[in-house]
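Heads up, the thing below is written out as structure tokens.
Each reported figure results from applying straightforward, stated rules to the coordinates on display, with no laboratory input. Source: prediction; values computed, not measured. As a convention, Cβ positions derive from the backbone with ideal geometry for all residues, glycine included, and neighbour counts pool all protein chains shown.
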Amino acid sequence: MERRRFMQLSALAGAGFFLKPFNGLAQETAMNELTKAAFGKDFLFGTATAAAQIEGAWNIDGKGPSNWDVFCEKSRKIKGRDTNKEACDFYHKYPEDIATMDSIGFDVFRFSTAWSRILPYGTKHVNQRGIDFYDRVIDTTLEKGMQPWLTLYHWDLPQILEEKGGWTNRDVVSWFEEYVALCAQRFGDRVKNWMVFNEPLAFTSLGYLLGMHAPGKLGIKNFLRATHHTTLSQAAGGRVLRELLPANAQIGTTFSVSAVEPRTEKEKDRRAARTLDAFLNRLFIEPALGMGYPTEDLNLIKNIHRHMVPGDEEKMIFDFDFFGVQNYFRTVAKHSPFIPFLWANFLKAKKLVDDPETQITEMGWEVSPTGIYRILKQFNNYGKPLYVTENGAAFHDTLNPDGSVHDPLRIKFFQDYLSNVLKAKQEGVDIRGYFLWTFMDNFEWAEGYEPRFGIVYNDYETQTRYLKDSALWWQKFLTEQSL
């Protein structure tokens, strides 16, 4: 998940508003109700990761370079000039890490496959050693009694395809179909739950509009092309999976989402909120549902039709089995005609907080547990089962001499957000699982290694893992021990 989405994306939804953190409301679900059993026996708890953030082994065993490998090497936009070359060395340490997940008690291990590890040249030439690696990961997960949930694209495109235009090139649809088909054929006998994309808004806007992520491109034309080709690929990938997977396979995709509120009830603020909601929450899901792009509420994409050809509106549609919602904070919109002038403020979220009691994470994000309740209620209206496929927080962590890491703020974060997930479920939202972000501290894209989101502390110099107190809390929660 992009760790500055609140600041970097918010200014893009169109002139006429700005965002600021807003105080969270009091919890409505009593903490004594927060037990695993309260969610029901079929509710799944898991942890989420991404290949480019944990695997390392960036150029061994036949893996080709990805756009992120190159971006880290050439760009000066990664904090600390960090790279993902070694990351967490999950490529070699996966047996230990999966065993730790199992010991904590998770039902699900959500991971992504690296396109360039499987198809080093983007298409045609299969790297069997890459296939073998994911076979081992899947088999180890199953041996531990957990479910492997596979995300096909979590932002790392083969560099050779990026050099041909990447997501701005319409050919990416057929490239992606080939990659999806290969994964379905090789892993579909064991993987029963699939996600096509991780947060399409993030990799299209940050990579092709703002240039803050790989491949570092700028401009509205790049963004509109990438957005449309991603929308087409989202549905095309779903169709390939439906054709090749067993009938009992579940096919979904994930979206970064945020409950949006107007700062006041003035019409200007309400209009700003509608615009922001269309950008953050509706841009990629509504085309898949046959509703088309939300151009009426989002002036930014009014010219996207220029990149469409006859028949595209039908090709954007796919009947997903579920949607993954990924939430970290809520947003509040206020009308303003000075978006360029205000841009600098989006990178200084702490300065926008007008209440000293507001809880702020290391990323400068407001902790707003009721936001996840509201966005689940909103997305329930789309009529599909929901999973929280990412939710978590970065706080400052210190490794103590005895190997302990005390992170009470993270524990409180999970308690409060889970309480609101449970509240939504109790009110009839079809929510079937919760996967925390993330298992261990890792490479956080443009933020490098500074933010720590994991429940497992990773010493990057030695690649030694240490359970944080939050991991021990999860272990107690998932095994129904007294909290």
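For residue 315, go through the aspartates and glutamates and keep the ones whose alpha-carbon is under 16 Å away, minus same-chain ones fewer than eight residues off.
In chain and number order, the partners are 171, 177, 243, 286.
What is the calculated FRET efficiency for residue 406 to residue 73, with r their C-beta to C-beta distance and R₀ = 22 Å, to the nearest 0.05?
The value I calculate is 0.05.
Going 7 Å from the Cα of residue 174 along its beta-carbon direction, which residues of the stretch 111-148 have the amide nitrogen within less than 13 Å of the resulting point?
Only 123-124 pass the distance filter.
In percent, what relative contact order does the chain have, based on Cα pairs under 8 Å that are 6 or more apart in sequence?
Contact order relative to length: 22 percent.
Along the three principal axes, how long is the chain when you take its alpha carbons, biggest first, rounded to the nearest angstrom?
Largest first, the chain extends 55, 53, 45 Å along its Cα principal axes.
Report, by chain and number, residues whose modeled amide H sits under 5 Å from the one on residue 368, excluding near sequence neighbours (fewer than 5 apart, same chain).
330
Check every DSSP H run in the chain and write down those whose alpha carbon atoms cover 20 angstrom or more along the long axis and whose mean Kyte-Doolittle hydropathy is 0.5 or greater.
TM-like helix candidates: 172-187.
Given the convex hull over the Cα atoms of the stretch 40-113, what projected area results after averaging over all orientations, in nm²?
For the stretch 40-113, the mean projected area of the Cα convex hull comes to 6.5 nm².
Give the order of 307, 229, 92 when sorted by the count of other beta carbons within 10 angstrom, beginning with the fewest.
So the ranking, lowest neighbour count to highest, is 92, 307, 229.
Within the set 334/377; 74/217; 93/144; 41/377; 192/476; 144/412, which residue pairs have Cα atoms separated by over 19 Å?
Long pairs (Cα-Cα over 19 Å): 334/377; 41/377; 192/476; 144/412.
Can you show me the helix-derived [θ] at 222 nm for the chain, built from DSSP H runs with n ≥ 4 at -39,500 (n - 2.57) apiece and divided by the number of residues, rounded to the nearest 500.
-10500 deg cm²/dmol
Using the Cα centre of the chain as the reference point, and only Cβ charges (+1 on K/R, -1 on D/E), how large is the resulting charge dipole? Debye, rounded to the nearest 20.
It works out to roughly 1300 debye.
Arranged by the count of other C-beta atoms within 10 angstrom, fewest first, what order do 44, 467 take?
44, 467
Using a Förster radius of 25 Å, what is the FRET efficiency between residue 85 and residue 135 based on their Cβ-Cβ separation? Nearest 0.05, please.
0.60
Using packing as a proxy for protection, rank 97-104, 456-463 so that the peptide with the highest average count of other Cβ atoms within 10 Å comes first.
Highest-to-lowest ranking by the protection proxy: 97-104, 456-463.
Going by C-beta contacts inside 10 Å, put 112, 404 in order with the fewest on the left.
Least to most surrounded, the residues fall as 404, 112.
If I model a spin label at residue 61 and residue 399 as a point 7 Å from the Cα along the Cα→Cβ vector, what separation in nanometres do I get?
2.4 nm
Treat the stretch 128-286 as a sphere of radius equal to its Kirkwood radius over Cα pairs and apply Stokes-Einstein at 37 °C in a medium of 0.692 mPa s; give the translational diffusion coefficient in µm²/s, rounded to a whole number.
191 µm²/s
Could you check the spin-label model distance between residue 459 and residue 192? Points 7 Å from the Cα along Cα→Cβ, value in nm.
According to this spin-label approximation, the distance is 4.0 nm.
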